[in-house]
1. On the given criteria, is VAL53 β-branched (Val, Ile, Thr) and farther than 19 Å from PHE109 by Cβ?
2. Of all the residues that make up the stretch 1-43, how many are crowded, with 16+ Cβ neighbours inside 10 Å and more than 17 Å from ALA130 (Cβ to Cβ)?
3. Can you find a residue that is small (Gly, Ala, Ser), modelled with pLDDT of 90 or more and in contact with a helix residue (DSSP H, G or I) (Cβ under 7 Å, 6 or more places away or on another chain) anywhere in the stretch 28-42?
4. From the list ALA49, ALA26, which one is under 27 Å from SER158 (Cβ atoms) and out of contact with any Asp or Glu (no Cβ under 9 Å at 6 or more places or on another chain)?
5. Can you confirm whether the stretch 146-156 contains a residue that is within 17 Å of ALA46 (Cα to Cα), touching a residue at least 24 places away in the same chain (Cβ under 8 Å) and in a helix (DSSP H, G or I)?
6. Take ALA108 and tell me if it is in contact with a Gly (Cβ under 7 Å, 6 or more places away or on another chain), part of a helix (DSSP H, G or I) and within 30 Å of SER127 (Cα to Cα).
7. Just one of (1) among the small types (Gly, Ala, Ser); (2) closer than 21 Å to PRO41 by Cα; (3) not in a helix (DSSP H, G or I) trips up ALA139, so point out which.
8. Does ALA46 count as surrounded by 13 or more Cβ atoms within 10 Å (Cβ to Cβ), of a type in the set (A, V, I, L, M, F, W, C) and outside any loop (DSSP other than H, G, I, E, B)?
Amino acid sequence: MSRYKRMLRKVEVIALIFGAGMFLAALSQIFGILRPETLEPPLMLAFPATMLVWLIAVLLAVEFFKPRDRDKTWRERLRGPDTAELLALVGYCPRPLLISVLALAMAAFLIAFLSGGATWTLGEPLSATAATGLFSTGAVFNLLAVPVIASAARMSGSFDAQQAVQRDGPASGGPTR
């Protein structure tokens, strides 16, 4: 999946737009700028888009970690990736983008945590508390997906090709970092 650079750039922009938009929608509920009822249609559009963006980020992460897990024991795989591997996953993401997106994701997480559990069913009117919780939670998912997608979009080749170069060295013909 990491070889589809044009698609990944578009998905990165979509994730940024939806992440920032959902964060702003949550803030609008905190400060009482918009009525919750006006946010029902955007919520219906934002959550399927968020699921698609998150699915792409998860597929990219699986593609990234799968070759790395071949040499590990089952106990090492059970522990999950360490900090160095997570940093390698987002290694090609521009630092200003990475820092700003992670800061926004932490702020959105804090808003979601402080707003409490958000429940809403389609027949009921959307409350300000539910809108705050739903939009801030969606913002967290979109914003956390951005560095993974941005890194895959900016690296040369695919994750598999990059790891083959790191494993076999530049003699295999691929670019190095």
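The values are calculated or read from the model by the stated rules, or taken from the named source; none is laboratory data. Quantities reported herein were computed from a predicted structural model and do not represent experimental measurements. Neighbour counts are summed over all protein chains in view; Cβ atoms, including those assigned to glycine, are modelled from backbone coordinates with ideal geometry. The protein model used for the area step is the full one, side chains on, heavy atoms only, and it has no ligands, DNA or RNA in it. Shrake-Rupley method; radii C 1.70, N 1.55, O 1.52, S 1.80 Å.
1. Values: β-branched (Val, Ile, Thr): yes; farther than 19 Å from PHE109 by Cβ: no.
Considered against the rule, which asks whether it is β-branched (Val, Ile, Thr) and farther than 19 Å from PHE109 by Cβ, VAL53 comes out as no.
2. Result for the stretch 1-43: 11.
3. No, that holds for no residue.
4. Values: ALA26 fails: under 27 Å from SER158 (Cβ atoms).
Just a single option satisfies the conditions, and that option is ALA49.
5. Filtering the stretch 146-156 down to residues within 17 Å of ALA46 (Cα to Cα) leaves 146.
Okay, now just the ones that are also touching a residue at least 24 places away in the same chain (Cβ under 8 Å), so 146.
Keeping just the survivors that are in a helix (DSSP H, G or I) gives 146.
The answer is yes; a qualifying residue exists.
6. Working: in contact with a Gly (Cβ under 7 Å, 6 or more places away or on another chain): no; part of a helix (DSSP H, G or I): yes; within 30 Å of SER127 (Cα to Cα): yes.
The answer is no for ALA108.
7. (3)
8. Working: surrounded by 13 or more Cβ atoms within 10 Å (Cβ to Cβ): yes; of a type in the set (A, V, I, L, M, F, W, C): yes; outside any loop (DSSP other than H, G, I, E, B): yes.
When the stated conditions are applied, ALA46 passes them.
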